[in-house]
1. Which order do the peptides 16-29, 256-269, 44-57 take when ranked by the mean count of other beta-carbon atoms within 10 Å per residue, highest first?
2. So for 198, 254, 42, fewest C-beta neighbours within 10 Å to most, what's the order?
3. Roughly how far apart, in whole Å, are the Cα centres of the range 1-53 and the range 137-160?
4. Per q in 0.17 Å⁻¹, report the Debye log10 I(q)/I(0) for the range 1-83, using one uniform scatterer on each alpha carbon and no solvent.
5. Starting from the 7 Å offset along Cα-to-Cβ, what nm value, one decimal, do you get for the label separation of residue 70 and residue 314?
6. Classify the range 196-310 as rounded, prolate or oblate from the Cα gyration tensor: take a ≥ b ≥ c as the square roots of its eigenvalues, call it rounded if a/c is under 1.5, otherwise prolate when a/b beats b/c and oblate if not.
7. Could you tell me the center-to-center distance, by alpha carbons, between the range 188-240 and the range 251-278 in angstrom?
8. Rounded, prolate or oblate, given the Cα gyration tensor of the range 14-169, with a/c below 1.5 counting as rounded?
Ligand code: RIB
C-alpha cells in the first residue's frame, strides 16, 4: 500500500492535438470560405482538466491516465503534463496509432465547433488489474468525460471498489446510451451544459417528463434548469459530495446539492471573448480543485467561474488555463 500524505486527484481521459481555425464564417456543405488564422494548440478534455486541476489546486498530487500515439503530437502532449507537474506514470505511448486530434472552428463570437478523432484515446480500456494499480488506496476525486471508450467501466469499477472516491463526470461528448439511472446513481458530481442537461433528461426520464422539462426551460431558462438540477441531484449518489452543476454559458451556472440546496452563480463580465475552447474543462477542474482544497461548494463554483472567464479571453485550451494566483487576483 502506498501512503498518501497529499490530497490526490486523478483524471482518466483524452489528450488531443487541437488544430484550430479562427473564422468569421462557418462554411455550408459544398462551400469554401476564407478563414482568418490557423493555430495548433494542446487540448483534449482529459488533458485540459488535468492541467486545470494542477494549476488551480494547492498541495495536491494530480495524476492523469491516458494514451498518446508514438508521434510528435504525443510527445508535446505528454510534455505539457510534465511541465504542469502532473504525474504521467500512467500515460501510455501506443505504437502504430496516432495521437488524438481535434479539428476546431472558432467563430468571431469565440464559440467553437469541435470534431474529434480518437486515435490513441480510443485504446484507453483499463483492465481490472490496471484499476487496482491506479487506485491502491481509496482517495480524492476522479474526473471523467466521454472521450475514451471505457468511461462506464471506470465508473462501475470505482463505485464498487473505491466507493468514497468522488466520481466527477462531464458526459461530453454526449452518448445517450451511457446515461442510465444505474450509472447516474454512482456519480457524485455531475457537470453538464444546458444542452447536455436536457439530453440527460431525455435519456433518463420518461418522454413525458423530459418534454415537461424542455417546455419549462423554453418558458423560463432559469426556472426550468433549476427544476431539472433539483431532479438530477436526487438521482445521483447521495453519499459523497452530491453536486449537480448546469453551466449556462455567458449567464453563469446553476448548482444543486443536498447540502446547499439550489443556487445560481452569475458569470464574470468579459468584454472580449476570443476563444471558448477549454472553458468548460477549466470550470470542471476549478470546481474539483477547490473542493479538494477544502472550499465550500459556493466558494468552489465562484472560483471556477472566475477561472473560466480568464480562459475565454485567450486562444487555445491548455495555453489559456490560468494559475490559482491569476484567479485570486480577479
Ligand atoms: O473541451 C475542449 C476540448 O474538446 C478541446 O481541447 C478538444 O481537444 C476537445 O477534446
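Throughout, read-outs are computed from the coordinates displayed, never taken from laboratory work. Remember, predicted model here, so these are calculated numbers, not experimental data. Neighbour counts run over all protein chains shown; Cβ positions are idealised from the backbone, glycine included.
1. Top to bottom by mean Cβ count within 10 Å: 44-57, 16-29, 256-269.
2. Fewest-to-most Cβ neighbours within 10 Å comes out as 198, 42, 254.
3. Value for the Cα centre distance between the two parts: 20 Å.
4. Scattering profile of the range 1-83, log10 relative to I(0): -0.78.
5. So the label points at residue 70 and residue 314 sit 3.4 nm apart.
6. oblate
7. Spelled out, the Cα-based centre of one part sits 16 Å from the other.
8. In terms of gyration-tensor shape, prolate.
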